[in-house]
1. Report whether or not residue 117 is surrounded by fewer than 18 Cβ atoms within 10 Å (Cβ to Cβ) and part of a helix (DSSP H, G or I).
2. Which residues, counting only those in segment 52-108, are among the small types (Gly, Ala, Ser) and buried (at least 21 other Cβ atoms within 10 Å of the Cβ)?
3. Those residues that are charged (D, E, K, R), in a helix (DSSP H, G or I) and without any contact (Cβ under 8 Å) to a residue 12 or more places away in the chain, I need them from segment 92-112; list them, please.
4. Only one residue in 64, 89 is in a loop (DSSP other than H, G, I, E, B) and at pLDDT 85 or above, so which one is that?
5. Yes or no: residue 105 modelled with pLDDT under 95 and over 19 Å from residue 124 (Cβ atoms)?
Amino acid sequence: MRRQCWVMSLIWHPAQAAPDRETPVFDQAIAGNALAPSESVIAFGEATPTCADAALIALWLDGRPPATRRVYEADAAALLACLGGVPLRQATLADLQAFAASLARLAPASRARHVAAAKSLFTFGHRIGLLPTDVARVYH
């Protein structure tokens, strides 16, 4: 069964800073807890990612130039929208392939950049121990 993907924009909640190791948000992320809607760090229309996903994305974006952050935030939002509520910890190679397929309308170079960003997120998450596997490793 193929998963249908919709692209949605990533919005940082204005009342909160990005999670870091001194915030309860990061502690909740490590525990795998989801935030209540009033505590959301990232909002996705109807689907709010788990706190772990929000913290992982914030860590992945940390230290990147503002323009890169904006582009990668949009890429992460599109990936999470494509996952349809499945946490990044549970994403599979098929999910990454569905994400890539959802980008078919884009030029090859644009599609490759979006997929590279998603792969980077999965690899980073696995490298720091927040994701159990690196599904991007076998994607080509």
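The values are calculated or read from the model by the stated rules, or taken from the named source; none is laboratory data. Since this is a predicted model, take the numbers as computed values, not measurements. Every residue, glycine among them, receives a Cβ derived from its backbone with ideal geometry; neighbour counts consider all protein chains shown.
1. Answer is no for this residue.
2. Within segment 52-108, the subset among the small types (Gly, Ala, Ser) is 52, 54-55, 58, 63, 67, 74, 76-78, 81, 84-85, 91, 94, 98, 100-102, 104, 107.
Within segment 52-108, 52, 54, 55, 58, 76, 77, 78, 81, 91, 102 meet the criteria.
3. The one that is charged (D, E, K, R), in a helix (DSSP H, G or I) and without any contact (Cβ under 8 Å) to a residue 12 or more places away in the chain: 111.
4. Values: 89 fails: in a loop (DSSP other than H, G, I, E, B).
Only one candidate qualifies: 64.
5. Details: modelled with pLDDT under 95: yes; over 19 Å from residue 124 (Cβ atoms): yes.
Against the criterion (modelled with pLDDT under 95 and over 19 Å from residue 124 (Cβ atoms)), residue 105 qualifies.
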